[in-house]
Amino acid sequence: MRLSPKLVRPLVMIALASFVVVGVSGCKWFRKSDRGDYALAPEARPLEVPPDLNLPDTSGAAKLPNTASALTTSAPSTAPSASGFRVNGSRDEVFAKLGPLLKATEGLTVSSSAPLLGVYDVTYGGGNFLVRVVAMEGGAYVSAVDPRGLPAAGEGPTKLIAALKAQLGG
């Protein structure tokens, strides 16, 4: 059975018109759902960012870093300290004065000394610790520290620092 051209031509025109209407207006099959993004799978949902996290932090934007001229060097406090004291003179001068004083101290043994580091390794009052001389503005700072560099605790370091302070005039 053969279709007549009179019948085929209008059918083709109707089919073409319906395809154009569906293509231009969009079919529901090709459009996004009206339900919204909440109905999507959790992985496909858009990321919700709070408003305050959308913008960069500008709270420190106008702050300028401290310049070297604005910084002040803080010396150890002049309050009495059990682990150290301040002495006038350069680090090397104080280190040279400290050696004979340590050797003359009764009950103290100097295990080693390191002039480049400004450190004497001593045993006194039943404990091992370091007597350290550090250069600072306007003098030197003599302190008793443990091998980790923390202030030495105990009766031995406290007594030795008090005796050295009296002898060096700190």
Mean Cβ neighbour count within 10 Å, used as a protection proxy, ranking 137-143, 150-156 highest first: 137-143, 150-156
Per-residue ³J(HN,Hα) for region 158-165, Karplus 6.51 cos²θ - 1.76 cosθ + 1.60, θ = phi - 60°, Hz, x for Gly and Pro: 5, 5, 5, 5, 5, 5, 5, 5
Hz values of 3J(HN,Hα) by residue in region 95-105 - Karplus curve (6.51, -1.76, 1.60), Gly and Pro given as x: 5, 5, 5, 5, x, x, 5, 5, 5, 7, 6
Ordering of 94-100, 12-18, 38-44 by packing [mean C-beta count within 10 Å, highest first]: 94-100, 12-18, 38-44
Under a crude label model (7 Å from the Cα following the beta-carbon direction), how far is VAL22 from LEU53 in nanometres? 4.4 nm
Could you check the spin-label model distance between ASP146 and LEU101? Points 7 Å from the Cα along Cα→Cβ, value in nm. 2.5 nm
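Readers should treat all values here as calculations from the given coordinates under stated rules, not as data from a laboratory. In this text the structure is predicted, and so the values were computed from the model without any measurement. All Cβ positions, glycine included, derive from the backbone under ideal geometry; neighbour counts span all protein chains shown.
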